[in-house]
Amino acid sequence: QVQLVESGGGSVQAGGSLKLSCAVSGYSVNRYFMGWFRQAPGKEREGVAAISTGGSTTYYADSVKGRCTISRDNAKNTLYLQLNSLKPEDTAMYYCAARGIWMGEPSLPPKNSEYNRWGQGTQVTVSS
């Protein structure tokens, strides 16, 4: 089975940076569209960023645009999310997700229902 494991979360002060990683096992990530989602307490899960199979096309939510970068290293079967200039409102559980290429290109903004593989999440906490 395809498994996704996030890491890199933690607690930082506003203005700090974190780099999240998502290690994929069970199959090659080049067969999946990849995305990052987050869910804050009391809020719905939000699509943060998405990337095409080859990494040439990316998407960012307005809430993080200009402050984050999504990338993938297919050789290492790993997805990354670089978060800069973090704000308290960025505090959330961050999840990586995958959508098989056989399911077709996903919608933008990315939708929860269109991704069929999920990690357990890594917590990001930003203090003021």
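Over all other residues within a Cβ to Cβ distance under 14 Å of ARG117, the charged ones net out to 0, with Lys and Arg as +1 and Asp and Glu as -1.
With a 10 Å cut-off between alpha carbons and a GNM built on the chain, which of GLY26, GLY54, GLY100 moves the most? Maximum fluctuation in the GNM of the chain, among the listed residues, is at GLY26.
Rounded to a whole number, what % of the accessible area of the chain do carbon and sulfur atoms account for, probe 1.4 Å?
Working: 2920 of 6450 Å².
Exposed carbon and sulfur together represent 45 percent of the surface.
Surface calculation, 1.4 Å probe, protein heavy atoms: ARG31 sits at approximately 80 Å² accessible. Here is the short version for the chain: CYS68 have no other Cys C-beta closer than 4.7 Å.
LYS19 exposes around 110 Å² of accessible area when a 1.4 Å probe is run over every protein chain in place.
Among the listed pairs LYS19/LYS43; LYS43/LYS76; LYS65/LYS111; LYS87/LYS111, which are separated by more than 21 Å between their Cα atoms?
Values: LYS19/LYS43 23 Å; LYS43/LYS76 33 Å; LYS65/LYS111 17 Å; LYS87/LYS111 24 Å.
Result: LYS19/LYS43; LYS43/LYS76; LYS87/LYS111 exceed 21 Å.
Please give the charge dipole size of the range 87-128, origin at the Cα centre, charges +1 on K and R Cβ atoms and -1 on D and E Cβ atoms. Round to the nearest 20 debye. Let's see the in-between values first.
Details: 4 positive and 4 negative charges, 20 e Å.
Charge dipole, the range 87-128, about its Cα centre: 100 debye, nearest 20.
Using the Cβ atoms and a cut-off under 12 Å, what net charge is assigned to the surroundings of GLY47, where Lys and Arg are +1 and Asp and Glu are -1? Its environment carries a net charge of 0.
Normalising the average separation of contacting C-alpha pairs (under 8 angstrom, six or more residues apart) by the number of residues puts the relative contact order of the chain at 35 percent. In the context of the full set of protein chains, the chain has a per residue accessible area of 50 Å² (1.4 Å probe). Counting Lys and Arg as +1 and Asp and Glu as -1 over every other residue whose Cβ lies under 10 Å from the Cβ of TYR32, the net charge comes to +4. Projecting the Cα atoms of PRO41, CYS68, THR53 onto the charge dipole of the range 41-93 (Cβ charges, centred on the Cα centre) puts THR53 farthest toward the positive pole. For ILE101, the solvent-accessible surface with a 1.4 Å probe is about 70 Å², rounded to the nearest 10.
The values are calculated or read from the model by the stated rules, or taken from the named source; none is laboratory data. Small disclaimer: the values here were computed from a predicted structure and weren't measured. Quick reminder, even Gly has a Cβ in these numbers, built from the backbone with ideal geometry, and neighbours come from all protein chains shown. These area figures cover heavy atoms from the full protein model, side chains too; ligands, DNA and RNA do not enter into them. Shrake-Rupley method; radii C 1.70, N 1.55, O 1.52, S 1.80 Å.
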